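Working notes, beginning with the structure itself.
None of the figures in this text is laboratory data; all of them are computed from the coordinates on show. Just so you know, these numbers come straight off a predicted model, no measurement behind them. Cβ sites come from the backbone with ideal geometry, for glycine too, and all protein chains shown count toward neighbours.
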């Protein structure tokens with residue numbers, strides 16, 4: 001913390017040993033106060049909350065998390081549940097997906113009304129959220145429509161339009177995650 005109590009004293013008192021020792025002794029308490037205050041502010045927002053607050057929200061909303069889930073995935077899951085509000089429309093489903101995934105380029109939502117099918121394609125970078133997106137889709141999509149949630153992988157057919165020179169700058173792993181949509 002850059003706030004030092006000694007800096008708030010008049011110059012004449014800064015050199016007095018007793019005041020110097022008092023400020024040094026009280027400095028850790030002030031730093032604890034500021035860190036607690038920042039923690040309270042951060043916990044007021046879903047995307048910046050700590051693990052204890054996330055666990056509390058999961059208990060309240062009856063959301064289960066895996067031991068392997070990172071805090072940001074847990075927070076996005078909580079946000080997705082909180083955003084699920086009636087009426088469920090294409091727009092609200094799209095917004096919920098956007099809130100969970102984080103970017104429009106990381107998912108694609110397609111509703112085929114003629115064949116009663118809803119498909120969501122999620123970028124490989126968001127694969128931890130696939131199960132949560134399936135749960136959200138199951139809750140939001142009408143029961144008479146088929147739901148398909150899949151991961152976006154780059155296929156050989158997508159890469160064949162590129163030259164070898166264009167592709168040699170990528171590793172194999174980077175190529176499977178290329179966004180060629």
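Please work out how much length the chain gains when fully extended from residue 95 to residue 16, using 0.36 nm per residue of separation minus the C-alpha to C-alpha distance, in nm with one decimal.
That pair, residue 95 and residue 16, stretches by 22.4 nm at full extension.
Taking the Cβ-Cβ separation of residue 134 and residue 163 as r and a Förster radius of 35 Å, what is the calculated FRET efficiency to the nearest 0.05?
0.40
When 145, 23, 113, 100 are ordered from fewest to most other Cβ atoms inside 10 Å of their Cβ, what list results?
Ranked by crowding around the Cβ, least crowded first: 113, 145, 23, 100.
On full extension of the chain, what length is gained from residue 88 through residue 41, given 0.36 nm per residue of separation minus the C-alpha to C-alpha distance?
Difference between extended and current length: 13.8 nm.
With a/c under 1.5 counting as rounded, go ahead and sort the stretch 22-131 into rounded, prolate or oblate using the C-alpha gyration tensor (a ≥ b ≥ c being the square roots of the eigenvalues; past the cut-off, prolate if a/b is larger than b/c, else oblate).
Because a/c hits 1.5 or more and a/b exceeds b/c, the stretch 22-131 counts as prolate.
Give me the one-decimal nm value for the distance between modelled label points at residue 52 and residue 146, 7 Å along each residue's Cα-to-Cβ direction.
4.9
Can you put 120, 73, 111, 16 in order of Cβ neighbours within 10 angstrom, beginning with the fewest?
With the fewest neighbours first, 120, 73, 111, 16 line up as 16, 111, 73, 120.
Say each of residue 6 and residue 108 gets a label point 7 Å from the Cα, pointing the same way as Cα to Cβ; how far apart are those two points in nm?
Result for the modelled spin labels: 6.2 nm.
With a 10 Å Cβ neighbour count serving as the proxy for reagent exposure, in which order, fewest first, do 34, 57 appear?
Listing 34, 57 from fewest to most nearby Cβ atoms yields 34, 57.
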